[in-house]
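Structure, as structure tokens:
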There are 2 protein chains.
Amino acid sequence: MNRLNTDPIALFEAAHEGERLALAKLMSVVERGGDEARLIGSHTYAQVGNAYTIGMTGAPGSGKSSLTSALASVVRSEEQRLAILAVDPSSPFTGGAILGDRVRMQDHVTDEGIYIRSMATRGHLGGLSLATPQAVRVLDALGWPWVLIETVGVGQVEVDIAGAADTTIVVVNPGWGDAVQANKAGLMEVADIFVINKADRKGADDTRRDIQQMLELSSLGDWEPPILMTVATDQEGVGALWEAVNEHRSHLQSSGELTSRRSVRTQEELLEIVQRSLEHRVATLMDGPTATKLREELAEGKIDPYTAASRLIEMDES
Amino acid sequence: MNRLNTDPIALFEAAHEGERLALAKLMSVVERGGDEARLIGSHTYAQVGNAYTIGMTGAPGSGKSSLTSALASVVRSEEQRLAILAVDPSSPFTGGAILGDRVRMQDHVTDEGIYIRSMATRGHLGGLSLATPQAVRVLDALGWPWVLIETVGVGQVEVDIAGAADTTIVVVNPGWGDAVQANKAGLMEVADIFVINKADRKGADDTRRDIQQMLELSSLGDWEPPILMTVATDQEGVGALWEAVNEHRSHLQSSGELTSRRSVRTQEELLEIVQRSLEHRVATLMDGPTATKLREELAEGKIDPYTAASRLIEMDES
């Protein structure tokens, strides 16, 4: 295994042959970021484009894990394979495989047709908004036909990550709740499918009407997001959800929107990579010995801030 | 005047001889930013450090202009000179001298001991948070002993600009009001002096108690911000405000905090200049012909985003 610890390409090859441990290590490399992650990115890029991605976001407690698990059962009943990325931008800890509150996923632990991976911040340059698309590409290149990206909350970062999928599912509960209220606009913007989970509770119809009204006020494209009712723990409505995902997929494919959406996402990723690289450069510049010296001169009034900035930037360029 | 239109150093010299038109043009150069502004910055830097800056921020309608005008009368009664920068980060329009709602300042229009200048965004790289300290340095180098920076609102940008002064005055009215509530924490952080203006209105004592309680919950340094009551339109309490400014100045000087505060500000300015320069560089990179070509290759799947980013950044460095 020593070779696998050091060579990301070897890890990729081993993962390709079905070694789960190699895949886990590979995902850790992607999560950490840096040159090794970029190497994997370049290596896999020519082999991607076949996986279809599903994003799922919703407030903590809305039942996303149960819904993911229920959806996994439907996918498996069709003998398809599904990889699940559980992304938590608020946590510096990674679960590796199945940890914490992901107990419901235990049904699928021993299933070779399901892959589950938690991802946390881990100091990746640019965080999970850059690590997640890299992780998806790795799974794509390894031949996983479906990748579901589940995020833990409804903050803008979570919504952005889940929203960068081909089909995005927004999960709410009857009555919405405060957490959702705070970023309703952000959720409305990314939703391709609304799911009212725990729909056996009081207020489900009101919530549906509420969403319907907001959709009527929005400027929608050709696709009108369906509003589905589920009780994930009883597998209720989950078949219909899977149908809706497939309908949305057909819509994106026939309209040509799938290609354009993916293209826009890659362009946004490029911009973010460039921005993060330069941010990193600012941090490096401001920490170096030249900066220390210039800061001292600045403090002593020997130099003005614009001259100091020019010298720092020139140094960076040379 | 042709020479003055093109050479910022000549403008500075003319302003130094007391030409108000040259000073106005000089401030426009600073407002616009760019190389000419930087030239003035370097030219004046050795001559600065004598001006004392006062920041004033508060919600629109709280009476900042009236208070500034009343304060100007007190300063003039002591035969001191005062420059006033009215900074509006939300507006792309500059008033040049005295415009809009600055009618109350009309008292001081013909007074050679008062200089009034409105500043607006004007596309300065980094906006007014970078243009304002440059403008202050110009006034400082020209020998203005007091510079008052008044901002139009209580948004974080306004509070940051007014807060980057030696003494910062936060103006509120009895009852505070919604605009202030939204950024109370930001205001508490920068306030060296609280002024409850329009203190003849109902609720002034409650507001004082409210501020007092918040101050008690804050971790203050050696200086406890006084809470003053004024009715600026009647000149009531304005003498006491001027005394408080002078007391705070003495405190900063005797404690050595004046030097350290100014040093921290200059360091923050350096960081912001470097950040803005690199942001500008990202924008330039993403707009160039190489970026267009790489974007096309990216859209066609011929290249991965990390490789595209590396090529863009390498191009920038060569």
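Filter region B:228-238 for residues that are surrounded by 21 or more Cβ atoms within 10 Å (Cβ to Cβ) and within 12 Å of B:PRO174 (Cβ to Cβ) and give the result.
First pass over region B:228-238, keeping only residues surrounded by 21 or more Cβ atoms within 10 Å (Cβ to Cβ): B:230, B:232, B:238.
Listed by number, the list holds a single entry, B:THR230.
Go through the residues of region B:301-311 one by one and say whether even a single one is of a type in the set (Phe, Trp, Tyr) and in contact (Cβ under 8 Å) with a residue 12 or more places away in the chain. The answer is no; no qualifying residue exists.
Residues in region A:24-35 that are surrounded by fewer than 19 Cβ atoms within 10 Å (Cβ to Cβ) and in contact with a Ser or Thr (Cβ under 9 Å, 6 or more places away or on another chain): A:SER28 only. Those strands (runs of 3 or more DSSP E) of region B:24-137 in which at least 1 residues are at pLDDT 95 or above, considering only elements entirely within it, cover B:52-58, B:82-88. A single member of B:VAL147, B:VAL159 is in contact with a Ser or Thr (Cβ under 6 Å, 6 or more places away or on another chain) and modelled with pLDDT under 95, and it is B:VAL159.
Quick grid of which residues meet (1) out of contact with any strand residue (DSSP E or B) (no Cβ under 8 Å at 6 or more places or on another chain); (2) modelled with pLDDT under 90; (3) among the polar types (S, T, N, Q):
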{"residue": "B:GLY237", "(1), (2), (3)": "no, no, no"}
{"residue": "B:HIS251", "(1), (2), (3)": "yes, no, no"}
{"residue": "B:GLY256", "(1), (2), (3)": "yes, no, no"}
{"residue": "B:THR259", "(1), (2), (3)": "yes, no, yes"}
{"residue": "B:LEU271", "(1), (2), (3)": "yes, yes, no"}
{"residue": "B:ARG276", "(1), (2), (3)": "yes, yes, no"}
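Considering region A:145-202 alone, what residues qualify as being in a loop (DSSP other than H, G, I, E, B), of a type outside the set (S, T, N, Q) and within 17 Å of A:PRO60 (Cβ to Cβ)? Answer for region A:145-202, where residues must be in a loop (DSSP other than H, G, I, E, B), of a type outside the set (S, T, N, Q) and within 17 Å of A:PRO60 (Cβ to Cβ): A:VAL152, A:GLY153, A:VAL154, A:GLY155, A:PRO174, A:GLY175, A:TRP176, A:GLY177, A:ALA182, A:LYS198, A:ARG201. For beta carbons closer than 7 Å, sequence separation of 6+ or different chains, a first residue in region B:23-37 that is farther than 9 Å from B:PRO8 by Cα and a second that is outside any helix (DSSP H, G or I) and of a type in the set (D, E, K, R), the qualifying pairs are B:MET27/B:ARG117; B:GLU31/B:ARG122; B:ARG32/B:ARG122.
Could you check region A:192-217 and list, in sequence order, the residues that are basic (Lys, Arg) and either modelled with pLDDT under 90 or within 17 Å of A:VAL171 (Cβ to Cβ) (or both)? I'd like the intermediate steps shown before the answer.
Taking region A:192-217 and keeping what is basic (Lys, Arg), we get A:198, A:201-202, A:208-209.
Of everything in region A:192-217, those that are basic (Lys, Arg) and either modelled with pLDDT under 90 or within 17 Å of A:VAL171 (Cβ to Cβ) (or both) turn out to be A:LYS198, A:ARG201, A:ARG208.
Under the condition of being touching a helix residue (DSSP H, G or I) at 6+ places or on another chain (Cβ under 8 Å), of a type in the set (A, V, I, L, M) and more than 23 Å from B:GLU247 (Cα to Cα), which residue from region B:156-181 is surrounded by the most Cβ atoms within 10 Å (Cβ to Cβ)? Step by step, filter region B:156-181, then rank; the result is B:VAL180. Applying the set (1) of a type in the set (Val, Ile, Thr); (2) over 22 Å from B:LEU312 (Cβ atoms); (3) touching a Phe, Trp or Tyr at 6+ places or on another chain (Cβ under 7 Å) to A:ILE273 leaves exactly one unmet item: (2). Of the helices (runs of 4 or more DSSP H) lying entirely inside region B:234-318, those carrying at least 2 residues that are within 26 Å of A:VAL30 (Cβ to Cβ) and within 8 Å of chain A (Cβ to nearest Cβ) are B:257-287, B:289-299, B:305-317. Among the candidates B:LEU215, B:LEU228, B:LEU220, the residue that is in a strand (DSSP E or B), within 22 Å of B:ALA185 (Cβ to Cβ) and away from chain A (no Cβ under 14 Å) is uniquely B:LEU228. If I filter region B:16-29 for residues that are charged (D, E, K, R), touching a helix residue (DSSP H, G or I) at 6+ places or on another chain (Cβ under 7 Å), closer than 30 Å to B:VAL180 by Cβ and more than 14 Å from every other protein chain (Cβ to nearest Cβ), do I get at least one hit? No. If you check B:LEU187, B:LEU252 for being under 20 Å from the mean Cα position of the chain (by Cα) and more than 24 Å from B:TYR45 (Cβ to Cβ), only one passes: B:LEU187.
One line per residue, one yes/no per condition, for (1) surrounded by fewer than 18 Cβ atoms within 10 Å (Cβ to Cβ); (2) under 30 Å from A:LEU258 (Cβ atoms); (3) touching a residue at least 40 places away in the same chain (Cβ under 8 Å):
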position	(1), (2), (3)
B:LEU220	yes, no, no
B:PRO225	no, no, no
B:ALA240	yes, no, no
B:SER260	yes, no, no
B:LEU285	no, yes, no
B:PRO289	yes, yes, no
B:LEU294	no, yes, no
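The values are calculated or read from the model by the stated rules, or taken from the named source; none is laboratory data. These numbers come from a predicted model, not from an experiment. Cβ: placed from backbone, ideal geometry, glycine included. Neighbour counts: every protein chain shown.
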